Amino acid sequence: MTDIKISELFYSIQGEGRYMGVPSVFLRTFGCNFKCDGFGMPKGEKTNERNIIAINAEDFKSYKSLPLVSTGCDSYASWDPRFKHLSPYFTTSDIVNNIVNILPHNRWMDEHLVITGGEPLLGWQKSYPELLSHEKMMPLKELTFETNGTQLLYPEVKDYLGNWKRNREKNCITFSVSPKLSISGESWEEAIKPEVIHQYGEVGFVYLKFVIATKEDAEEAEEAVNEYRKKAFRGPVYLMPCGGVERVYSLNNRTVAELAMRKGWRYSDRLQVPLFKNEWGT
């Protein structure tokens, strides 16, 4: 039985993308290959010591007590090694039992599972076949991986997910891919990986979800979409407003919606911001 380092495990509604409004269990793994400390900052600047690094990690004993941030990655504690003490290891069996305990009927019904992060397709992905094969997970019908789209699936994981899908309805596996544009502070070369997205499309339904704030961000998103199209990506594209706290989010949500309409793309809200103030565990 394998262990997975878990940052958060909670029940909420999906606030973004294809399953917006659907009751969901979120399994947030620890670790990411990006920092995304450019979000909410003036173009070309990063959060660095001005925000997350200034927090004394040892002062906090749980995610619920952590401060929300207005710049950088709003799930910073799920990858920053200074907060790893808040993310214990759980066996796959323990994870399943915890999931069942938080479901409203203590079993899967119409809820869906979101495996997120951090970046959930780092090394932890090797444990997902064991997790999904647990007898209490058999009724699960729909599964989403929220990923930055840079990590290929291991061959054995890809094969397992293909078999898992064949036993369920069409498009029951979704890859919600959020490629990181320059607004994130990450480089194009590291963030835009069309060959990875192509592989995901061999397994499940793929859509792109870009976090933006300005017209320039939308133009950059279009450049990225063109690169993905060259690798036969045919899924929908969403634009989503930048902002982990309501006062920032509300500044640009209408602008982003209008930009999505002009491009003929979809707009994704972030329901967890206006509904729950983007608190941890929502």
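The values are calculated or read from the model by the stated rules, or taken from the named source; none is laboratory data. Note that this is a predicted model, so its numbers are computed, not measured. Don't worry about glycine lacking a Cβ; one is built from the backbone with ideal geometry, like all the others, and counts go over all protein chains shown.
Do you know which of the residues in the stretch 239-256 that are aliphatic (A, V, I, L, M) and in contact (Cβ under 8 Å) with a residue 40 or more places away in the chain is surrounded by the fewest Cβ atoms within 10 Å (Cβ to Cβ)?
At the first step, the residues of the stretch 239-256 found to be aliphatic (A, V, I, L, M) are 239-240, 245, 248, 251, 256.
Next, from what is left, pick out any that are in contact (Cβ under 8 Å) with a residue 40 or more places away in the chain: 240, 245, 248, 256.
Working: Met240: 23, Val245: 16, Val248: 20, Val256: 27.
Within the stretch 239-256, the match that is surrounded by the fewest Cβ atoms within 10 Å (Cβ to Cβ) is Val245.
Just one of Lys193, Lys126 is at pLDDT 95 or above and farther than 26 Å from Met20 by Cβ; which is it?
Values: Lys193 fails: farther than 26 Å from Met20 by Cβ.
From the options Lys193, Lys126, the qualifying one is Lys126.
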Whether any residue in the stretch 27-34 is charged (D, E, K, R) and without any contact (Cβ under 8 Å) to a residue 24 or more places away in the chain is what I want to check. no
All but one of (1) in a loop (DSSP other than H, G, I, E, B); (2) closer than 26 Å to Arg270 by Cα; (3) touching a helix residue (DSSP H, G or I) at 6+ places or on another chain (Cβ under 7 Å) hold for Met109; which doesn't? (3)
Which condition breaks for Arg82 when tested against (1) more than 20 Å from the chain's Cα centre (by Cα); (2) closer than 22 Å to Asn33 by Cα; (3) without any contact (Cβ under 8 Å) to a residue 24 or more places away in the chain? (3)
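Within the stretch 185-203, track down each residue that is in contact (Cβ under 8 Å) with a residue 60 or more places away in the chain and crowded, with 17+ Cβ neighbours inside 10 Å. Break it down stepwise before answering.
Step one: list which residues in the stretch 185-203 are in contact (Cβ under 8 Å) with a residue 60 or more places away in the chain, which gives 185-186, 190-191.
Matches in the stretch 185-203: Gly185, Glu186, Ala191.
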Flag for Asp269 being touching a helix residue (DSSP H, G or I) at 6+ places or on another chain (Cβ under 8 Å), assigned to a helix (DSSP H, G or I) and touching a residue at least 24 places away in the same chain (Cβ under 8 Å): no
When you check Asp217 against the structure, is it of a type in the set (Asp, Glu) and within 20 Å of the chain's Cα centre (by Cα), yes or no? yes
When you check Lys165 against the structure, is it surrounded by 15 or more Cβ atoms within 10 Å (Cβ to Cβ) and over 25 Å from Pro23 (Cβ atoms), yes or no? no
Considering each of Arg229, Arg247, Arg254 in turn, give the residue that is among the basic types (Lys, Arg), within 29 Å of Leu152 (Cα to Cα) and not in a strand (DSSP E or B). Arg229
Here the residues within the stretch 217-234 that are free of Cβ contacts under 8 Å to residues at least 24 places away in the same chain and closer than 25 Å to Ser250 by Cβ are Glu219
Kindly indicate the residue of the stretch 138-160 that is out of contact with any Cys (no Cβ under 9 Å at 6 or more places or on another chain) and in contact (Cβ under 8 Å) with a residue 60 or more places away in the chain and also surrounded by the fewest Cβ atoms within 10 Å (Cβ to Cβ) among those meeting that condition. Gln151
Any chance you could count how many residues in the stretch 58-100 are part of a helix (DSSP H, G or I), surrounded by fewer than 21 Cβ atoms within 10 Å (Cβ to Cβ) and touching a Gly at 6+ places or on another chain (Cβ under 8 Å)? 2
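Quick one: in the stretch 12-33, which of the residues that are assigned to a strand (DSSP E or B) and under 15 Å from the mean Cα position of the chain (by Cα) is surrounded by the most Cβ atoms within 10 Å (Cβ to Cβ)? Show your work before the answer.
Filtering the stretch 12-33 down to residues assigned to a strand (DSSP E or B) leaves 12-13, 23-29.
Filter again for under 15 Å from the mean Cα position of the chain (by Cα), leaving 12-13, 24-29.
Details: Ser12: 18, Ile13: 16, Ser24: 20, Val25: 20, Phe26: 19, Leu27: 24, Arg28: 23, Thr29: 27.
Residue satisfying both the conditions and the ranking: Thr29.
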